[in-house]
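A short write-up of the structure that comes next.
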Amino acid sequence: MSEILEIKHLFVEYYKRRKIVSALRDVCLTLKKQEILGIVGESGCGKTTLALSVLKLILPVEGEITKGEIIFHGYEMWEEKYFKNKNIITMNNNSLREIRGGGIGMIFQDPFTSFNPVLTIGEQIYESLALHRAGKDLNTYSRIHEEAINSLKRAMIASPERVMNSYPHQLSGGMLQRAMIAMAISCRPKILIADEPTTALDVTLQKEILELLKKLQQELYMSLILITHNLAIVAEICTRIVVMYAGEIIEEASSEEIFCRALHPYTIGLLGALPSLKPEAKRLSIIPGTIPDLIDLPVGCKFYPRCNRSVDSCLEEIEMKEVSKGHFVRCCRVKEKVDVFY
Ligand SMILES: Nc1ncnc2c1ncn2[C@@H]1O[C@H](COP(=O)(O)OP(=O)(O)OP(=O)(O)O)[C@@H](O)[C@H]1O
Ligand SMILES: [Mg+2]
């Protein structure tokens, strides 16, 4: 499988009361074609910032990408949308407009606040279809309408005409999330980023939405980035998992590796906090303390103050190491090329 997105040494900072919030540091990541990648980490670790950076959506008044590259390989040379400059960070506004929604679709964290409340769902889907596909494969208003209905049907909405004419406040949470998914896939993006798509929903709807995302990823040959704070959710559908902590990636491996041979103490802590229904299940473990203040970060390993396996060398800067094929860990106690440590 070849890469569709490469993030290289990405640094993002926000400004808060004249102080700098170091939201992402040295984030390196690749996404392969038609892969489902899970990004997990607790609240405030920088998951949404990473998703917004991929579309260059960090507002200049709030912060900026200070270093790094985001390379999008989604368009082939023979395609009309092919760009010579593949780095999203240095792209011009026309290319960016094409990529946002057209090349990379996004499902935002909260469906209740992500729609425009004064426009119907239909009007909002038309808008993105008109921007990306009018004059290309959709020439008439009736074709745009037909395609909007098709997208809603793909998102398993039983009464698409009614939903098209509804305002966001008239729909339930689950329905609104499906409408959001329909809007995101309507322009046939090559990558779909779903930022906590199930957080605002009750558990019965969570499974349905996850299954829907997987089905659409396969039907439309998309790559999917699923962002969540819940490891159980990524276990359901992701092939590879990236674990983030305080603005850094601390572990990356296939789902099987993460669930069977997690190496970073933080990932081990997250796995220990997963509830189990087995009769022999032990008490859930907790990770003591909280995520550090991103304005005043500790030196060396950022997890060091909460880690029960820390040693003096944790106070030095820690690099990511590949411990076995495709399994990367940022921990000074992990030895290279071994799969058991401590
Ligand atoms: N506009 C902003 N201005 C200042 N700081 C911000 C801004 N947006 C985010 N941050 C800070 O950047 C850090 C990362 O935030 P981000 O929203 O990316 O985290 P997250 O992992 O998505 O969290 P959650 O799981 O709660 O959605 C947090 O410390 C947050 O307070
Ligand atoms: Mg978030």
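Each reported figure results from applying straightforward, stated rules to the coordinates on display, with no laboratory input. This is a predicted model, so every value here is computed, not measured. Cβ coordinates were reconstructed from backbone atoms using ideal geometry, including for glycine residues, and neighbour counts include every protein chain displayed.
Observations
- The ranking of VAL21, VAL299 by Cβ neighbour count inside 10 Å, starting from the fewest, reads VAL299, VAL21.
- With R₀ fixed at 41 Å, the C-beta to C-beta distance from GLU317 to GLU62 puts the FRET efficiency at about 0.90.
- Counting only DSSP beta bridges whose two residues both lie in the chain, roughly 60 percent are antiparallel.
- Of the cross-linked pairs LYS47/LYS214; LYS47/LYS136; LYS33/LYS302; LYS214/LYS325, those separated by over 30 Å at the C-alpha level are LYS47/LYS136; LYS33/LYS302.
- Segment GLU79-LYS8, extension gain: residue separation times 0.36 nm, minus the distance between their alpha carbons: 23.1 nm
- By the helix-only formula, in which each DSSP H run with n ≥ 4 contributes -39500 (n - 2.57) and the sum is divided by residues, the chain has a 222 nm mean residue ellipticity of -8500 deg cm²/dmol.
- Of VAL311, VAL242, VAL12, the one that fluctuates the most in a GNM where the chain has Cα springs shorter than 10 Å: VAL311
- Neighbour counts of C-beta atoms inside 10 Å place GLU13, GLU79, GLU252 in the sequence GLU79, GLU13, GLU252, starting with the fewest.
- The label-point distance for LEU119 and TYR141, in a model that sets each label 7 Å from Cα toward Cβ, rounds to 1.6 nm.
- Restricting the range 7-64 to trypsin sites (Lys or Arg not before Pro) in coil, as DSSP defines it, with at most 11 other Cβ within 10 Å: ARG17, ARG18
- Relative contact order (%) - the chain, alpha-carbon pairs under 8 angstrom, separation at least six: 19 percent
- Distance (nanometres) between label positions extended 7 Å along Cα→Cβ at ASN93 and ARG283: 5.9 nm
- Taking other C-beta atoms within 10 angstrom as a stand-in for reagent exposure, ILE65, ILE89 fall in the order ILE89, ILE65, fewest first.
- Built amide H within the under 5 Å cut-off of ILE4, gap 5+: LEU31, LYS32, LYS33
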